[in-house]
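Inspection log for the structure reproduced underneath, given as structure tokens.
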């Protein structure tokens, strides 16, 4: 019996050895052993922003966990930690000013230049083992006092009736879908910097991610054609793409706003429809 358990463990280790994961004990006193991704192996075309987006993390924390500093250059083959290290308490600090006895460490104030993994080449759109296949759980920020309360001035990226993407219990899962026609202009919802332009994120098709400040990012997915490149600064209302159906079953724009790496309800930030 012990031999069979040992061999099963060896087989599981071999299968998951390339999953960029590590075993984590969870449950009552660590009674169950579950596998959760803790690392991401950089692939051609990855950027710090796209990796953090995929796993629903704040790019500033991912940089800290990996000892990265501007310009955050990463190369294919490097393992990037995408979950808090075991000694995460040292990152958060401890104090008496919060309800749980912890306080967050301030992330770098200066916006880091964009860097990407080289050489760049298009990846096959099949999920690597161990990568998450669902959008991370959204953040639950306090609702802005009024539309426009965000420090960012937002506008609609396309015209059309939005559909909020929710889970089975009606809570926000990612963002909104807006149906349209192929080739319809897609506009920047706010001024920002292009930190990702490509098709390497599973389920998003041809995707653009804009960085608006140290806290807010926005994403424009399923495009037919991308009109901006990484590193470009774009103005609010500038056309950045043409609507399409890449990695979708119909022509539409999937639009997200993330605050500190977590999805927030775009309808709380966009002008009243």
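Every number here is computed from the coordinates shown, using simple stated rules; none is lab data. Bear in mind that the values here come from a model prediction, so they are computed numbers and not experimental data. Positions of Cβ are generated from backbone atoms using ideal geometry, with glycine treated the same way; all protein chains shown enter the neighbour counts.
Report the calculated FRET efficiency for residue 169 and residue 39 (r = Cβ-Cβ distance, R0 = 45 Å), to the nearest 0.05. Don't skip to the end; give the middle numbers.
Working: r = 31 Å, r/R0 = 0.69.
With R0 = 45 Å, the Cβ-Cβ based efficiency is 0.90.
By the beta-carbon count within 10 Å of each Cβ, the least crowded to most crowded order of 224, 53, 154, fewest first, is 224, 154, 53.
Orientation-averaged projection of region 162-273 equals 6.7 nm² [convex hull of Cα atoms, one quarter of hull surface area].
Can you give the FRET efficiency for residue 272 and residue 69, using 1/(1 + (r/R0)^6), R0 = 45 Å, r = Cβ-Cβ distance, to the nearest 0.05?
On the way: r = 42 Å, r/R0 = 0.92.
Efficiency for this residue pair is about 0.60.
Potential lengthening of the chain between residue 191 and residue 238 amounts to 16.1 nm, from the contour at 0.36 nm per residue minus the alpha-carbon distance.
Please report 207, 270, 164 as a ranked list, fewest other C-beta atoms within 10 angstrom at the top and most at the bottom. The partial results should precede the final answer.
On the way: 207 25, 270 21, 164 14.
Least to most surrounded, the residues fall as 164, 270, 207.
Sorted fewest first by neighbouring Cβ atoms within 10 angstrom, 61, 210, 227 come out as 227, 61, 210. In this simple spin-label model, placing a label point 7 Å from the Cα along the Cα-to-Cβ direction at both residue 250 and residue 229 gives a separation of 3.6 nm.
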